[in-house]
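What follows is a single structure, written as structure tokens, with notes after it.
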Amino acid sequence: MFEIGIVSDEISLDIREAFEIGLKLGIRNYELRCIGSYDKRVPFADEKDIDFILRGVSSGRIRITALSPGLFKIKPSDSERLKFEIGEVLPETFKLARKLGVEKIIIFGFVRDGTPEEFVVEILKDVARYAYEEKFNLAIENEPGFYCDSGVNTARILEKAGAVNLGANWDPANAVGSGEFAFPIGYERIRNFIFNLHVKDAVNQPEFKCLLVGDGSVNWFGQLKAIIHDKVLDNITIETHHLPLIESTIENLKRVRAILKAIEELGE
């Protein structure tokens, strides 16, 4: 079996409250995204919050499994923003990751705007090369409306990029939002590229909407069973995206633990 983690701002934007509640729930692993406010995404959090996180890491009470600075949630044709994200945001993210002992950076696969896919692939290849030199792995989160939206499309782009340190932050719920049958179809294509897994649920009709695990279209029993069977990961991360936030995160944690217990008891 594997450890369960949570994106810290899916508990609270207040990192102290997030860790306090998370630790009471038995959670040691956290991904960092927004800290303090939704306008303060890593690596640009307040120094006092970073120092607090670092103390938690140094004490062994918590472990930071990934940073999600929101890179490439832009159109590939937005050259000025692209230059800023590669030239400033990415180096600062690497700097923070080193400080916190993190090897994995979550990125995105660019908003579709008609730019040829090969151009997107070349950008990702260059960024992966830079990350490799700095000894970091990059995990592309699939997102509706992006070049990397479904498991099938994300896998194709990763195959073209051909970088050993460039993989997927597989989000089956987001794949549902792209119109894909996330498990098993999307998973079968993406499984050899998975570096990280986000756990939430969703429906795509009449519109894309995130729900509690088990209330949407993702077959989480089948997906988690496959992740365990294929020995893809040793940890997974709850990304609730459902209000009320704390209550929904606690409920999702209960549901995920129940699914994992059922898989174990059935000997699957």
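The values are calculated or read from the model by the stated rules, or taken from the named source; none is laboratory data. Just so you know, these numbers come straight off a predicted model, no measurement behind them. Cβ atoms come from the backbone with ideal geometry, glycine included; neighbour counts cover every protein chain shown. In case anyone asks, the SASA skips ligands and DNA or RNA and just uses the protein heavy atoms, side chains included. Shrake-Rupley method; radii C 1.70, N 1.55, O 1.52, S 1.80 Å.
Structure above, values below:
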read-out	value
Selected residue [in contact with a strand residue (DSSP E or B) (Cβ under 6 Å, 6 or more places away or on another chain) and of a type outside the set (A, V, I, L, M)] from 87, 114, 109	109
Residues satisfying the stated conditions in the stretch 16-31, i.e. within 14 Å of residue 49 (Cα to Cα) and in contact (Cβ under 8 Å) with a residue 40 or more places away in the chain	19
Where residue 22 falls short, out of the listed (1) in a helix (DSSP H, G or I); (2) of a type in the set (Gly, Ala, Ser); (3) touching a helix residue (DSSP H, G or I) at 6+ places or on another chain (Cβ under 6 Å)	(3)
Residue within the stretch 89-110 that is open to solvent by less than 10 Å² (accessible area, probe 1.4 Å), more than 29 Å from residue 186 (Cα to Cα) and of a type in the set (Gly, Ala, Ser) present	yes
Some residue of the stretch 77-84 being open to solvent by less than 60 Å² (accessible area, probe 1.4 Å) and either within 21 Å of residue 237 (Cα to Cα) or without any contact (Cβ under 8 Å) to a residue 24 or more places away in the chain (or both)	no
The stretch 34-45, residues that are in contact with a helix residue (DSSP H, G or I) (Cβ under 7 Å, 6 or more places away or on another chain) and open to solvent by less than 30 Å² (accessible area, probe 1.4 Å)	34, 35, 42, 43
Residue ranges of strands (runs of 3 or more DSSP E) in the stretch 182-268 with at least 2 members open to solvent by 10 Å² or more (accessible area, probe 1.4 Å)	194-199, 209-211
Sole residue being under 15 Å from the mean Cα position of the chain (by Cα) and under 18 Å from residue 22 (Cα atoms), chosen from 169, 235	235
Pairs where the first residue, in the stretch 46-57, is farther than 16 Å from residue 13 by Cα and assigned to a helix (DSSP H, G or I) and the second is modelled with pLDDT of 95 or more and open to solvent by less than 50 Å² (accessible area, probe 1.4 Å), C-beta under 8 Å, 6+ apart	54/100; 56/19; 56/62; 57/64; 57/100
Pairs with Cβ under 9 Å, 6+ apart, first in the stretch 133-159 and on the phi > 0 side of the Ramachandran plot, second surrounded by fewer than 21 Cβ atoms within 10 Å (Cβ to Cβ) and assigned to a strand (DSSP E or B)	145/111
Criterion (part of a helix (DSSP H, G or I) and surrounded by 20 or more Cβ atoms within 10 Å (Cβ to Cβ)) met by exactly one of 139, 128	128
Within the stretch 46-76, considering residues that are of a type in the set (Ser, Thr, Tyr) and more than 24 Å from residue 197 (Cα to Cα), the one most open to solvent (accessible area, probe 1.4 Å)	58
Test result for residue 179, open to solvent by 10 Å² or more (accessible area, probe 1.4 Å) and either at pLDDT 95 or above or assigned to a helix (DSSP H, G or I) (or both)	yes
Residues of the stretch 58-112 satisfying the condition of being assigned to a helix (DSSP H, G or I) and hydroxyl-bearing (Ser, Thr, Tyr)	58, 59, 79, 93
Of all residues in the stretch 238-265 being among the acidic types (Asp, Glu) and free of Cβ contacts under 8 Å to residues at least 24 places away in the same chain, the one that is farthest from residue 7 (Cα to Cα)	265
